[in-house]
Structure formats: C-alpha cells, structure tokens
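The values are calculated or read from the model by the stated rules, or taken from the named source; none is laboratory data. Remember, predicted model here, so these are calculated numbers, not experimental data. FYI the Cβ positions are ideal-geometry reconstructions off the backbone, even for glycines, and counts take in every protein chain you see. Ligands, DNA and RNA are stripped out before the accessible areas are found, and what is left, the full protein with its side chains, is counted by its heavy atoms. Shrake-Rupley method; radii C 1.70, N 1.55, O 1.52, S 1.80 Å.
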Amino acid sequence: MREALPILSSDAIGAAMLYDLARPFIFALEAEKAHGLTIAGLKALPLGAAPKSDSVLATTVAGLDFTNPIGMAPGFDKNGEVPDALIRMGFGYAEVGTLTPRAQPGNPKPRIFRLPEDKAVINRLGFNNQGQEKATPRLKRMRGRMGDGVLGINIGANKDSEDRIADYVIGVKNMAPLADYLTVNISSPNTPGLRALQDKGALEELLAAVMQARGTSKVPVFLKVAPDLEPADIDDIVDVSMKQKIDALIISNTTITRPSLISSNKEETGGLSGAPLKDLALQRLKDFRKASGGKIPLIGVGGIANAADAYERIRAGASLVQLYTAMIYEGPAMARAMSCGLARLLKQDGFSSVAAAVGADDV
C-alpha cells in the first residue's frame, strides 16, 4: 500500500498510478537496461519547479541548507545526468556518482539482479561511469537547474589505479568546484581492495590527503563506509574522521553478508541493498552514533522505504537519509510521499524540526 497518497499533489498521484501500470513491463526488461531507460525518461521530462516541502523538514547539515532530509543515494545517477529531475521529484538533495578520474566500463554484465520477493537488489557494477572529465560540463549546467536542491558528488578510485589515494585527490580537485558536498566512497564491495582503505592507517593517509586537496574551497567532505565492520573498525573510523574534521559520515553502503533471502537471485555475488539491509544499516548507525557521541553528523542509508523508516533512522541519530533500491519497487512518487509522512510524524511527536528529532532515541 502506498503511503500518504491522498495528501500528495495530483501529478504525484498520477505518477504513482502510471508506475503501477508500467512496472510489469519495466521488470520484464533486464535490470540495467531498465535503469538506462529510466535515466533517459527523466532527461526528457520538461523543466518545472520542485514541490514545496513542509517547513518542519528544513534542516542544516555541514553548513548546507536542505529543504527536506530525503536524498537520492549515489548509484542511481552515476554520471550526473538527472540530479535536477530528482529534485523536481521531491528529493531534498541528490548525490551523483560514483565518478572516477578516468572513465571505466565496470564489471562484466549482467551485474544488477533484482530480488523482488525480498524487495532487494544485488549489484556488482564496479564503479562503471563516464569519468570526471565528461561529467564536468554536464554538472556545471545542472548547478543552475537544481533550485534549492543540494548537489552531492561521490568520488572513487579507478579499479586499475596504481595509487588510489592520488585518485581521490584528483577527484577532490576536479569535483569540488561543482559540488555542494563531496563524498569519499571507500565502501563499495565491487572494486577489489577498496574497502581496505577503511583500515586506520590507510584511512588516516587518505583523509589527510583529501582534506589537503580541498584547500581553501571549504566544500564539505563526507565519508561513506560499509556496514560490514567490527566494533574496533567503527571506533577507528570515528577517531580518524574527527581528527581530520570530516563533515559527516554516511552509514552505510551495500553489504556482502546474506541475511535470509528467498529470491532466485540470492546467490549472486555483489553488494546487497534494499529491505534485507535495513536492520544491519540501522544497527551500524546506532553504533556510529554511540562511538561519536553525536559529535559528527550521520547520514542513514540502507533499507529505507517509507516515512516510518526515515523517521526511525533520524531518531537513531541520522541528520539526513538516503534511498535508492526502494524507488525501484515503489516508483517515482515515493520521495514526496515520504516527505509528507515524515512531516506528519515529526509534528505528531511534537518536534518543530528534523534537527530536534535527531538522536531522540539515545539512551
């Protein structure tokens, strides 16, 4: 059942109904082809104003003003082609990428697998993207079409790079002038060895280089980490991030673990996202909240599919949330539905703002 559709605008309700009709045809297509058609469709949409968010949803994180805390996670718009369309769909911010210094094809196809019975996806894409040079002029154009929406740019290292830290430095220099914030992604399971950068020594070297490369631009820098961490890893990541004055932590990426799944694609290799990730991602958010003592903003990602999920993540310590997989199953109206539902939940519990509810469940 869709959430809060009666209080949505007529065009949002129409989009939801249209998606319900189109979904069987979309799901009949191979997943990556369907995704490509979705991006093409969004590029063809006429320009229009973004929907107004309830004032209770406005929040400020890392010095950036968000009309609402619901964002599109990276991976959906790998090449920065439609962040403006995402804002018009009701997202408060859109994070594009992951963009690497050089274009790369990613891993062999097929590499995206739907698990509809689990409302999940397994992917092993491997940072496929057109590269930062090709994305630059496109993102320059997009900046003028984002309105009040916030643009995040997620950067990574090329698979064949001999110096991955140097790749992140290049990414900062290339993308900082275009971004409202940058995300350093060291959490993908699909680039061999990448997650080793979460180890304390490597992370210290990486973040020191990134913050030096940022220089005087002062663009906020976020760090995206994996959910598959041990307690000592969490403490180390928090310590290094605070020492290097990272502006926020994104908790978390896809998981290589396999909770109980029933779909036929459950044995595919890659990162699992969607509903089965919810409990693990929520627990990791709580772990990082406890380890950081609330001294660094957290962004909750993983298994968020409705307003109640977003609100739960905020009460657990998230200042912002992101989603992606849920939109595959719920359709393009879900960002607006989540905003409406989240505003209602905040007011119901007497909160005057998102910020007031962050960490409300701390014990």
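Kindly check whether there is at least one residue in region 223-241 that is in a helix (DSSP H, G or I), of a type in the set (G, A, S) and more than 23 Å from A281 (Cα to Cα).
Within region 223-241 (the criterion being in a helix (DSSP H, G or I), of a type in the set (G, A, S) and more than 23 Å from A281 (Cα to Cα)), the answer is no, since none of the residues qualifies.
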Those residues of region 246-265 which are farther than 25 Å from E117 by Cα and out of contact with any helix residue (DSSP H, G or I) (no Cβ under 7 Å at 6 or more places or on another chain) amount to D247, A248, I250
Exactly one of T183, T216 is polar (S, T, N, Q) and without any contact (Cβ under 8 Å) to a residue 24 or more places away in the chain, and that one is T216
In this structure, does E267 turn out to be surrounded by fewer than 18 Cβ atoms within 10 Å (Cβ to Cβ), under 29 Å from L29 (Cα atoms) and of a type in the set (D, E, K, R)? yes
For the subset of region 242-254 comprising residues that are in contact with a strand residue (DSSP E or B) (Cβ under 8 Å, 6 or more places away or on another chain) and part of a loop (DSSP other than H, G, I, E, B), which member is farthest from G293 (Cα to Cα)? T254
Would you check which residues across region 204-222 are open to solvent by less than 50 Å² (accessible area, probe 1.4 Å) and part of a helix (DSSP H, G or I) and list them? L206, L207, A208, A209, V210, M211, A213, R214, G215
Can you pull out the residues in region 319-352 that are under 22 Å from M89 (Cα atoms), out of contact with any Pro (no Cβ under 6 Å at 6 or more places or on another chain) and of a type in the set (G, A, S)? A326, G331, A333, A335, A337, S339, G341, A343
Scanning region 203-239 residue by residue, those more than 22 Å from the chain's Cα centre (by Cα) and under 20 Å from G156 (Cβ atoms) turn out to be E204, E205, A208, A209, Q212, A213, S217
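Being surrounded by fewer than 23 Cβ atoms within 10 Å (Cβ to Cβ), assigned to a helix (DSSP H, G or I) and of a type in the set (S, T, Y): is that true of T257 here?
So T257 does not fit the description; no.
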Name the residue that is nearest to S187 (Cα to Cα), counting only residues in region 157-173 that are part of a helix (DSSP H, G or I) and of a type in the set (K, R). R164
Could you say whether any residue in region 55-66 is in contact (Cβ under 8 Å) with a residue 40 or more places away in the chain and touching an Asp or Glu at 6+ places or on another chain (Cβ under 6 Å)? yes
Here's a check for you: in region 179-196, which residue that is surrounded by 21 or more Cβ atoms within 10 Å (Cβ to Cβ) and among the small types (G, A, S) is modelled with the highest pLDDT? A179
Condition broken by Q283, with the remaining ones in (1) surrounded by 20 or more Cβ atoms within 10 Å (Cβ to Cβ); (2) of a type in the set (S, T, N, Q); (3) under 19 Å from D228 (Cα atoms) satisfied: (1)
Evaluation of A326 against (1) small (G, A, S); (2) on the phi < 0 side of the Ramachandran plot; (3) modelled with pLDDT of 95 or more (one fails), failing number: (3)
Mind checking which residues of region 344-363 are crowded, with 21+ Cβ neighbours inside 10 Å and of a type in the set (G, A, S)? A357
Within region 277-294, can one find any residue that is assigned to a loop (DSSP other than H, G, I, E, B) and over 22 Å from M327 (Cα atoms)? yes
Go through region 166-178 and count every residue that is more than 23 Å from A62 (Cβ to Cβ) and open to solvent by less than 30 Å² (accessible area, probe 1.4 Å). 1
